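*Asks:* Before we start, here is the structure in question, set down as structure tokens.
The values are calculated or read from the model by the stated rules, or taken from the named source; none is laboratory data. Please read all numbers here as calculations on a predicted model, not as lab measurements. A quick note on method: Cβ atoms are made from the backbone with ideal geometry, for glycine too, and the neighbour counts reach across all protein chains shown. Note: accessible area is taken over every heavy atom of the protein model, side chains too, but ligands, DNA and RNA are not part of it. Shrake-Rupley method; radii C 1.70, N 1.55, O 1.52, S 1.80 Å.
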Amino acid sequence: IFQSTRPPYGCDQIFTMKDDGSDLRLVSTGKGRTTCGFYFPDGKRLIYASTHFGGDACPPPPERTGGYVWPIYPTYEIVSADADGGNVRRLTHNEGYDAEGVVSPDGKEIVFTSLRNGDLDLYLMNADGSNVRRLTDRPGYDGGPFFSWDGRWIVFRAGRPDSAAALDE
């Protein structure tokens, strides 16, 4: 499972393929921009984040004159779908960025990054989108989470600004 921009789509969509590159399949809706595809442990369902709830068009790309920038689109929401892309279910319902989700090894929980409280923090929810709870609350970016193989730990990236100016930036 991976994200790619390829014709006829104008921005990233979620695709699957076999490990030899064959059997390429679109599994996202083909609308909006998508990111962060991840399978449930049984391989029957997957998750990804999509902006399509905010509109069918691709959101504008971020300004990159200063280098690479990851876009924090406020319309990103996490969805689950069958492995073939069917039966899409919206898991998050939040005005603000919800993305970077991964499924726990037992398939019962999803950890993800959200801007829902004004800062990019980690949240944990049940695999059906219920019982959302905040895991981090320090200023700065907390994202890119992954569960340890046994599901007991979460590792993630963190950017901890050391001044008010750095936090504003």
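*Asks:* Can you report the number of residues in the stretch 19-38 which are open to solvent by 20 Å² or more (accessible area, probe 1.4 Å), farther than 14 Å from residue 57 by Cα and within 15 Å of the chain's Cα centre (by Cα)?
*Replies:* 3
*Asks:* Another question about this same structure. If you go through the stretch 59-67 one residue at a time, do you hit one that is closer than 26 Å to residue 111 by Cβ and either open to solvent by 40 Å² or more (accessible area, probe 1.4 Å) or in contact with a His (Cβ under 8 Å, 6 or more places away or on another chain) (or both)?
*Replies:* Checked against the condition, which is being closer than 26 Å to residue 111 by Cβ and either open to solvent by 40 Å² or more (accessible area, probe 1.4 Å) or in contact with a His (Cβ under 8 Å, 6 or more places away or on another chain) (or both), the stretch 59-67 yields no hits at all.
*Asks:* Read through the list (1) in contact with a helix residue (DSSP H, G or I) (Cβ under 6 Å, 6 or more places away or on another chain); (2) open to solvent by 30 Å² or more (accessible area, probe 1.4 Å), then give the number of the only condition that residue 74 fails.
*Replies:* Condition (1) is where residue 74 drops out.
*Asks:* Which one of these is closer than 22 Å to residue 92 by Cβ, touching a strand residue (DSSP E or B) at 6+ places or on another chain (Cβ under 7 Å) and open to solvent by 60 Å² or more (accessible area, probe 1.4 Å): 2, 53?
*Replies:* The conditions single out 53.
*Asks:* Find the strands (runs of 3 or more DSSP E) located wholly in the stretch 78-169 whose residues include 1 or more that are out of contact with any Gly (no Cβ under 9 Å at 6 or more places or on another chain), and list them.
*Replies:* Correct list: 98-103, 121-126, 141-147, 154-159.
*Asks:* Which residues, counting only those in the stretch 120-169, are within 20 Å of residue 36 (Cα to Cα), of a type outside the set (A, V, I, L, M, F, W, C) and open to solvent by 90 Å² or more (accessible area, probe 1.4 Å)?
*Replies:* Residues satisfying the conditions are 128, 134, 157.
*Asks:* Determine, yes or no, whether residue 92 is among the hydroxyl-bearing types (Ser, Thr, Tyr), more than 21 Å from residue 155 (Cα to Cα) and open to solvent by 30 Å² or more (accessible area, probe 1.4 Å).
*Replies:* Answer is no for this residue.
*Asks:* Give the residues of the stretch 93-131 that are at positive phi, among the small types (Gly, Ala, Ser) and at pLDDT 95 or above, sorted by residue number.
*Replies:* Result: 107, 129.
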